[in-house]
Amino acid sequence: PLLSDGENETNTGNREPQTLPLRDGSNAVESEGSCGLYFFTGFANLHPMFSPDGKKIAYVSSKDADYFGMSSLYVYDVETKNEKKIQSGVRTSMGWSPDGKRIYYGRSSRDNPHWSLQFDIYAYDLDTREETRLTHGKRAISPAVSPDGSTIVFVVSGDGTTNLATSKTDGSDFKIITPYINGEQVYSPKWSPTGDSIIFDYSIKDGRDIASIRPDGSGLHFLVTGSDDSRSGVFTPDGSRIIFASDRTGIFNLYSFDVKTGSIGQVTNVLGGAFMPTVNPQGDIVYASYTSQGYKVVRMNNPGILAEGEYHYSQIAGMAALLHDDSSVSSDGVTSPQFDWLALRSYDDMKLPALEPKSYKSIFTSLTFVPFIRVDNYNPRNTALDVIKPGVYLFSNDVLEKTGFFAGAAINKKLERDLFFQFYYRGKIPILYSIGLEPVASLELYNVTRKANTADLVLGIDTVGVDVSYDLLEFDFALSQPFISQFSNVEFRFAHSRYTSILGSFFLPALGQLVAASSDLYLIANDLSLTFRVDAIVPSRTSEINPIGRKITFRVGRELNKFNGDGNYEVTSSGLVPVYKKINFTRIELNWHEHVPLPFGNHTMTISARGASILGAPVDSFFNFYAGGLIGMKGYPFYSIGGNELATLGVSYRFPLVNNIDVRFLQLYFDKLYASVYADIGDAWTGNTPKLKSFKKDAGVELRLESFSWYSYPTRIFFNASYGLDKFTLATRNKNQTVTYGKEWRFYFGVLFGFDFD
């Protein structure tokens, strides 16, 4: 049966489609007439391929994932209506063995010495459920198996050019059979039923043609050419015709090419688009159909060629002008030049001037400046202008990202400064590279100053107010290396820090003289650490505002410190010299965030655990872990819960309020709004472990607004309100006063690049 005038594949005749449940919970729809099977789950359902007996269909689908690249290979049983997931990471077409017992496909893997994302060919045995890797480092996709089952043909890429290659079905006897070296692209090879030729797509500019070649690389010639885009050809079982997709009317539809006569007839007549056909022994066609809900897999039962006049979607209005003319119609109806399409289509990028090879030298991108304004409200006595801290980020990198730097500076009215400079190097490091390690090396420099409240300094009978400020200078060297998988890495870091307090100049009444400013280097710290990180967040449109997956950080550090926390000095001929104590210890810390999707859409439960310990005897409270603040238990200030040991546990439930805001205000584009409710329990202590009932608890709510600036830069806005459920009192470091925490609301607001701070 044929599609008649006015029909398309989504509604044939008057029979209502019947929903057929699949094993994975998705649905198929089958109807009588010229059309048959649909797969509805997921936006991208692509590359359908009949098994040799026509009883199964292999296809690639993204299912519920948000990106095409997160697709997997599935096999659907036409008779039982059941389907099975075969393998993740498959994005292109696949091939069946002639006996239907194995499937050959290309999939992505980082299983190589350089941890690069590469595609290779694999074979999957449907009986034993075992996968065998056939190629290594070939960047190979889209395999097809010869009719006698002895040879596979597939696409390989290198230096911006793709070619066809063949090998035995065990991966041996690898040969490249096409001659391309100048950026040509080939796609979707398919064997003829007799195995004496291979058809494939060829492209050198913006469209594709269909060509044929013998398995030994001879006899290359073109079958379907023209200004249209013709692609994804496949032979009918008797080898007399080739079914392919073409946009010759402005819409991709399926066509039939007669191998003997060269005549072409239209097979489908759809409005959205028909792609990637496959044909079973009975002549039925399955293809990927583009609809308003994405790419769906459709079956046509034994279709014929449409008669003249049966394809009423003959041309999109104005399509010819857009494709071939050098003008377009503006909104006021006036024709104005836009693109010189003739020149663009006639451009020959193979006519290049002779180039002289020379050694590569680093070429850096232009220096980029990003101004920002930060609000620092760490000191409640600061005035409104004191908390405003303008600054600028600067960055540039080599075009191959071999080297680069990122720097920033910010300063407020009180001249408190935040400075940093980070330089990275991704090249070969001697010795390390020779033993198979390719870490990213970085050098980092930080300088931060803060001014405290005026301190009362008692000198004899006089009490003098003195300005006090603090200065941190730190130098870091780090090596970061992928480890175990692409989702994890290990980092070695050495940090040298110098903490200084500065007393401002003051007037001493008893002597009637001005005392000059002085500084006190009270801590010299050296830290050697090893950190293991796992970042296994599932890529999705909501991965930033509502992540799914896990993040784990485990750190072991050895600290070697010279500390004058008591303010002791020795009188020498050169003046006062600090009396340092050596405080050396080992600290460990584990952070785990597990984001679990709930059965209803875009709702997530997050469980967070943190544990930390300073091993051995207790050390000065200056080196404590802290459990409060924005990055911890938000119901309490950062320094309110501290100790040599720490344990916290949190749970949150996050859900969407608006998934598609789609509102623009000035340079801001607002996309999604999510809310969450959460609760935490935890404590930090030194010495004996407190009882569980004495642990602090808090609860709160959070709003997350995902937005972008100028449609490009991530701009994450959040508001958080948290309540500390337990009230407690702590003595300050000088023991002269106490501070009470808890039983109060604490509020947080931020506009940042991301929502999470770990």
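The values are calculated or read from the model by the stated rules, or taken from the named source; none is laboratory data. Remember, it's a predicted structure, so these values are computed and weren't measured experimentally. Here Cβ is always computed from backbone atoms with ideal geometry, including for glycine, and neighbour counts include all displayed protein chains. The protein model used for the area step is the full one, side chains on, heavy atoms only, and it has no ligands, DNA or RNA in it. Shrake-Rupley method; radii C 1.70, N 1.55, O 1.52, S 1.80 Å.
Can you confirm whether Ser72 is open to solvent by less than 20 Å² (accessible area, probe 1.4 Å), touching a His at 6+ places or on another chain (Cβ under 9 Å) and among the polar types (S, T, N, Q)?
no
Can you say whether Gln87 is polar (S, T, N, Q) and within 19 Å of Gly158 (Cβ to Cβ), as far as the supplied structure shows?
Considered against the rule, which asks whether it is polar (S, T, N, Q) and within 19 Å of Gly158 (Cβ to Cβ), Gln87 comes out as no.
Table: residues versus (1) in contact with a helix residue (DSSP H, G or I) (Cβ under 6 Å, 6 or more places away or on another chain); (2) open to solvent by 70 Å² or more (accessible area, probe 1.4 Å); (3) on the phi < 0 side of the Ramachandran plot; (4) modelled with pLDDT of 95 or more.
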| site | (1), (2), (3), (4) |
| --- | --- |
| Tyr569 | no, yes, yes, no |
| Thr572 | no, no, yes, no |
| Leu576 | no, yes, yes, no |
| Phe585 | no, no, yes, yes |
| Ile588 | no, no, yes, yes |
| Phe600 | no, yes, yes, no |
| Gly629 | yes, no, no, no |
| Glu645 | no, no, yes, yes |
| Ser652 | no, no, yes, yes |
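Give me the pairs: first residue in segment 617-639 and part of a loop (DSSP other than H, G, I, E, B), second residue modelled with pLDDT under 95 and acidic (Asp, Glu), beta-carbon distance under 8 Å, and six or more apart or on different chains, which are they?
Ile631/Asp758
Could you check, for segment 425-434, whether at least one of its residues is modelled with pLDDT of 90 or more and polar (S, T, N, Q)?
no
Could you grab me the full set of residues in segment 72-118 that are over 22 Å from Gly233 (Cβ atoms) and in contact with a Gly (Cβ under 8 Å, 6 or more places away or on another chain)?
Hits for segment 72-118 are Ser72, Val78, Asp99, Arg107, Ser108, Ser109, Asn112, Pro113, Gln118.
Does Asp683 satisfy being open to solvent by 40 Å² or more (accessible area, probe 1.4 Å), within 30 Å of Phe532 (Cβ to Cβ) and either part of a strand (DSSP E or B) or not basic (Lys, Arg) (or both)?
No; evaluated as a whole, the condition is false for this residue.
Answer with yes or no whether Asn660 is in contact (Cβ under 8 Å) with a residue 24 or more places away in the chain, open to solvent by 60 Å² or more (accessible area, probe 1.4 Å) and either small (Gly, Ala, Ser) or not in a strand (DSSP E or B) (or both).
no
Have a look at Asp206, Asp247, Asp201 and point out the one that is open to solvent by less than 30 Å² (accessible area, probe 1.4 Å), farther than 18 Å from Trp96 by Cβ and among the acidic types (Asp, Glu).
Of the residues listed, the single one that is open to solvent by less than 30 Å² (accessible area, probe 1.4 Å), farther than 18 Å from Trp96 by Cβ and among the acidic types (Asp, Glu) is Asp201.
Taking into account only those residues within segment 708-758 that are closer than 20 Å to Ile537 by Cβ and either in a loop (DSSP other than H, G, I, E, B) or without any contact (Cβ under 8 Å) to a residue 40 or more places away in the chain (or both), which is most open to solvent (accessible area, probe 1.4 Å)?
Phe753
Looking at (1) out of contact with any Leu (no Cβ under 6 Å at 6 or more places or on another chain); (2) part of a strand (DSSP E or B); (3) open to solvent by less than 70 Å² (accessible area, probe 1.4 Å), which is the only condition Leu705 fails?
Of (1) out of contact with any Leu (no Cβ under 6 Å at 6 or more places or on another chain); (2) part of a strand (DSSP E or B); (3) open to solvent by less than 70 Å² (accessible area, probe 1.4 Å), only one is false for Leu705: (1).
Identify all residues within segment 39-61 that are modelled with pLDDT under 90 and either open to solvent by 20 Å² or more (accessible area, probe 1.4 Å) or in a loop (DSSP other than H, G, I, E, B) (or both); write none if there are none.
Within segment 39-61, Phe40, Thr41, Gly42, Phe43 qualify.
What do you reckon, is Pro371 at pLDDT 90 or above, over 15 Å from Leu415 (Cα atoms) and open to solvent by 100 Å² or more (accessible area, probe 1.4 Å)?
Considered against the rule, which asks whether it is at pLDDT 90 or above, over 15 Å from Leu415 (Cα atoms) and open to solvent by 100 Å² or more (accessible area, probe 1.4 Å), Pro371 comes out as yes.
Determine if segment 164-183 includes at least one residue that is within 29 Å of the chain's Cα centre (by Cα) and within 20 Å of Pro48 (Cα to Cα).
No, segment 164-183 contains no residue that is within 29 Å of the chain's Cα centre (by Cα) and within 20 Å of Pro48 (Cα to Cα).
I'd like the full set of residues that are touching a strand residue (DSSP E or B) at 6+ places or on another chain (Cβ under 8 Å), open to solvent by less than 50 Å² (accessible area, probe 1.4 Å) and either part of a loop (DSSP other than H, G, I, E, B) or without any contact (Cβ under 8 Å) to a residue 12 or more places away in the chain (or both), limited to segment 83-137.
Gly89, Thr92, Ser93, Met94, Ser97, Gly100, Asn112, Leu126, Leu134, Thr135, Gly137 - these are the residues of segment 83-137 that are touching a strand residue (DSSP E or B) at 6+ places or on another chain (Cβ under 8 Å), open to solvent by less than 50 Å² (accessible area, probe 1.4 Å) and either part of a loop (DSSP other than H, G, I, E, B) or without any contact (Cβ under 8 Å) to a residue 12 or more places away in the chain (or both).
When you look at Thr151, is it under 26 Å from Phe50 (Cα atoms), among the β-branched types (Val, Ile, Thr), open to solvent by less than 40 Å² (accessible area, probe 1.4 Å) and modelled with pLDDT of 95 or more, yes or no?
Here the answer is yes, as Thr151 does meet what is asked.
Filter segment 635-658 down to the residues that are among the charged types (D, E, K, R) and under 28 Å from the mean Cα position of the chain (by Cα) and list them by number.
Correct list: Arg654 only.
Quick one: how many residues across segment 383-399 are surrounded by 12 or more Cβ atoms within 10 Å (Cβ to Cβ) and in contact (Cβ under 8 Å) with a residue 24 or more places away in the chain?
11
Any residue at all in segment 690-701 that's open to solvent by 20 Å² or more (accessible area, probe 1.4 Å) and of a type in the set (S, T, N, Q)?
Looking for residues that are open to solvent by 20 Å² or more (accessible area, probe 1.4 Å) and of a type in the set (S, T, N, Q), one finds at least one in segment 690-701, hence yes.
In the set Val186, Val156, Val259, which member is open to solvent by 20 Å² or more (accessible area, probe 1.4 Å), β-branched (Val, Ile, Thr) and without any contact (Cβ under 8 Å) to a residue 40 or more places away in the chain?
Val259
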